Amino acid sequence: MKPLHLLPCVGAIIALSVFTAMAGADGNAKLRAASPIYGVTIPEGYRQWELIAPAEEAAPLNELRAVLGNAAAIKAYRQGTLPFPDGTVLVKLAWKHVQSPEFESASVPGAATTVQVMVKDSKKYAATGGWGFGRFVDGKPADEAQHQTCFACHEAGVRGHDYVFTRYAP
């Protein structure tokens, strides 16, 4: 039996261990929810990644989008490497497309709609062309039904480009 004066220390160590496990290896106190089917999460620090390309999605979505990539993605795009190497991560940010209140001919991002993530791991996601998918609204993963549509759309549209729609905008 442990001496009573050590019990608070043991409790603190257990609490710290649980907090660290929930926060993730980077110490982020915010618990990251994973997408159903694939287990993909929103990557830490993705807003500092380089821009791969902007895009506009017409009706009915009417969105402005920006695709960002981690270092592996940027290197593959610049070198024209296909298939993309394992470790490639792409993040698509989407906002409602709205008229600029200051400049009549300009459009600006309105309300955020989704953050979409693709992670390349050819072994883990072998059944889906080597890619895992995540779609998040307000930081929470969309339901399983939405995630079941991801690969089918990419497979039908861009099988010959390693299932990736976005082209690099130098």
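I'm checking my understanding of the structure. Among residues of region 86-130 that are surrounded by fewer than 16 Cβ atoms within 10 Å (Cβ to Cβ) and closer than 15 Å to N70 by Cβ, which one is nearest to the chain's Cα centre (by Cα)? Step through it out loud before you land on a result.
Taking region 86-130 and keeping what is surrounded by fewer than 16 Cβ atoms within 10 Å (Cβ to Cβ), we get 86-87, 96, 98-108, 110-112, 122-124, 126-127.
Of the ones still in play, those that are also closer than 15 Å to N70 by Cβ are 86-87.
Details: D86: 15, G87: 13 Å.
Taking the candidates together, the pick is G87.
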Determine which single condition C153 fails, assuming it passes every other condition in (1) over 17 Å from V89 (Cα atoms); (2) touching a residue at least 12 places away in the same chain (Cβ under 8 Å).
(2)
Of the conditions (1) in a helix (DSSP H, G or I); (2) closer than 21 Å to A53 by Cα, the single one that A156 does not satisfy is (2)
Flagged in region 29-61 as at pLDDT 95 or above, assigned to a loop (DSSP other than H, G, I, E, B) and either in contact with a Cys (Cβ under 6 Å, 6 or more places away or on another chain) or closer than 22 Å to K96 by Cβ (or both), in numbering order, are I42
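Taking the conditions exactly as written (over 20 Å from T41 (Cβ atoms), at pLDDT below 95 and out of contact with any strand residue (DSSP E or B) (no Cβ under 7 Å at 6 or more places or on another chain)), does A76 satisfy them or not? Outline the logic, then answer.
Working: over 20 Å from T41 (Cβ atoms): yes; at pLDDT below 95: no; out of contact with any strand residue (DSSP E or B) (no Cβ under 7 Å at 6 or more places or on another chain): yes.
Answer is no for this residue.
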Which residue, of A142, A169, A112, A106, is touching a residue at least 12 places away in the same chain (Cβ under 8 Å) and in contact with a Ser or Thr (Cβ under 9 Å, 6 or more places away or on another chain)?
A142
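The values are calculated or read from the model by the stated rules, or taken from the named source; none is laboratory data. Since the model is a prediction, treat every value here as computed from it, not as a measurement. For neighbour counting, all protein chains shown are included, and Cβ atoms are generated from backbone atoms with ideal geometry for every residue, glycine included.
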